[in-house]
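Reading through the structure tokens given below for one structure.
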Amino acid sequence: YRVAGFWIKSVPAVHTWFQEAVRTKLFPLLAREFPQFCSSAHDLVVDNAYLFQYSTKTGRKTDVHTDSGCLSFTIALNAPTEYTGGGTWFESLEDDDNNNNNGVIDMEQGVVTVRPGGVRHCGQAVTSGTRYIIGGFCMHRHKVEPVRMLLGLAAERGCQGDYKGAEEAYIACLLLNSQFDAAYANLANILESQGKMEQALEALEYCHTSVNPRNAQVAYSLGILYLQKKEYAKCKECMETCLYSDDCDVEAMLTMAQACRGLQDVNGEESWYRRAIQTAGVSNEQAASAYLNLGLLKEGTDEEIELYQKGLELSPNHYQLRYTLASVLALQKKFQQAARHFRLAAETSTGQERNDALQSLYRSATFAVQKDDSADRPTTREKMMERLQEIMGHENYQALAASAAKR
């Protein structure tokens, strides 16, 4: 996610104010609310704190997740009248009769919410205005957190490419706490990196059925494995779990569409792509991908080209969209338009994709020159070559010629 803001410790004046507020207000509150974790406010320390600026660009809905600290806090810095949307959704509150907001807690200016770090939650999208909060984690000064330390070690080893070491660290986490659902998805990811697909599947299935059936991260990873195994009905069940936790989970919707395709449910596939496009917080790239697949579903209809064009409005450098639109135009013998799009595809791609676009550009440009019946059409071979290079772009023509010479 794109994040805007700054670390509290990076701004001395803010840091000084924050330290006093934590000492006199936050720590006493946490000690009172979580006596089983700390017997005194002096036991607590802030692990990290960040001032977040959420707008329509930087405040899209987050995935459902847990935090890395033992205790978490959120401080609202401005009034709800300055923005719409926002708030935090908590999985455990969705079915609470005392919460009338579908599990979402909205906050007035100056209010703080506190919770255990293991509570699953997500940030709601800000739809207008700007929201400011301070979010952070607290730890116990005198308690060692072996599971969290092992998680950090596993992540570090994974980043270093030591997948076996990461696997051992995640297994050690689960030996200490087999009900810690967040470790299962990470373990499965590391197992997949080593080609241990069946073991990854077993880890995810165990967590999904025996630890936390509502863990969306586990359900999504499991659903992707089912999709790869062509077990489409099971894949859909997993994506339904994701969408129960977050009805704006666009990735789950796109995966649902793929599962419907596998089940030859064309109407279902189309409806999921259209729902994804209309979902708040959908990224331009996700919507463009959905438009591409809708266009493929509408192949040969008047709507097909319109869908590709809508996708390109959102993501002009989307290679597959651009190339597919150009190919359709070429099949319709609209060679001039096709060449323009093949040229854009070539100029915004690299490697084999660029080579494919250049070759298709050459063919479309050649046909465009040959089929030209305008008054100023070229009449000599030299003029035709000039027009060809003009349509292709001189650099593109030379790049294609150089590639052909190497072969």
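Helix 394-406 axis versus longest C-alpha principal axis of the chain: approximately 90°, rounded to the nearest ten. Computed about the Cα centre, the dipole magnitude for the chain is approximately 1220 debye when only Lys and Arg (+1) and Asp and Glu (-1) carry charge, each at its Cβ.
Can you give the FRET efficiency for Ala401 and Thr379, using 1/(1 + (r/R0)^6), R0 = 25 Å, r = Cβ-Cβ distance, to the nearest 0.05? Walk me through the numbers on the way to the answer.
Details: r = 24 Å, r/R0 = 0.95.
That pair, Ala401 with Thr379, gives E of 0.60.
In the set (i) 92, 50, 45; (ii) 64, 52, 44; (iii) 92, 55, 38, the label that goes with Cα extents along the principal axes in Å computed for this structure is (i).
From helices alone, the chain scores -17000 deg cm²/dmol at 222 nm; the rule is -39500 (n - 2.57) for each run of n ≥ 4 DSSP H residues, then divide by the residue total.
Once the Cβ-Cβ distance of Glu313 and Thr81 is raised to the sixth power relative to R0 = 41 Å, the FRET efficiency obtained is 0.75. With contacts taken as Cα pairs under 8 Å and at least 6 residues apart, the chain reaches a relative contact order of 9 percent. Largest mean-square fluctuation among Asp356, Asp373, Asp47, in a Gaussian network model of the chain whose springs join Cα atoms under 10 Å apart, belongs to Asp373.
Using a 1.4 Å probe, what is the accessible area per residue for the chain, in Å²? Mind dumping the intermediate values first?
Numbers: 21650 Å² over 407 residues.
Normalised by residue count, the accessible surface of the chain is 53 Å².
Peptides 4-14, 252-262, ordered by how many other C-beta atoms sit within 10 Å of their residues on average, highest first, read 252-262, 4-14.
Rounded to the nearest 10 degrees, the inclination of helix 335-347 to the longest alpha-carbon principal axis of the chain is 40 degrees.
Using the reciprocal of the averaged 1/r over all distinct C-alpha pairs, how large is the Kirkwood radius of the range 1-97 in Å? List each step's numbers first, then the result.
Working: mean 1/r = 0.0635 Å⁻¹.
After inverting the pairwise mean of 1/r, the radius is 15.8 Å.
As a length-normalised measure over Cα pairs under 8 Å and 6 or more apart, the relative contact order of the range 272-407 settles at 15 percent. Helix 232-245 and the long axis of the chain differ in direction by around 50°, with both axes built from C-alpha atoms. Accessible surface for Arg274 stands near 80 Å², nearest 10, in the context of the full protein assembly shown (1.4 Å probe).
Expressed as a whole percentage, what fraction of the accessible surface of the chain belongs to carbon and sulfur atoms when a 1.4 Å probe is rolled over the protein heavy atoms?
Numbers: 10660 of 21650 Å².
Ligands and nucleic acids excluded, carbon and sulfur give 49 percent.
Put a dot 7 Å past the Cα of Asp265, heading toward its Cβ, do the same for Glu145, and the two dots end up 4.0 nm apart.
Spin-label model, Glu168/Asn48: points 7 Å from Cα along the beta carbon direction are separated by 2.7 nm. Converting phi to 3J(HN,Hα) with the Karplus coefficients 6.51, -1.76 and 1.60 and the offset θ = phi - 60°, the range 39-45 yields 8, 8, 4, 6, 6, 9, 8 Hz in sequence order, with x at every glycine or proline.
The values are calculated or read from the model by the stated rules, or taken from the named source; none is laboratory data. Computed from a predicted model, the values in this text were never measured in an experiment. Methodologically, a virtual Cβ is constructed for each residue, glycine included, from the backbone with ideal geometry; neighbour enumeration extends over all protein chains shown. The area values use the complete protein model at the heavy-atom level, side chains included, leaving out ligands, DNA and RNA. Shrake-Rupley method; radii C 1.70, N 1.55, O 1.52, S 1.80 Å.
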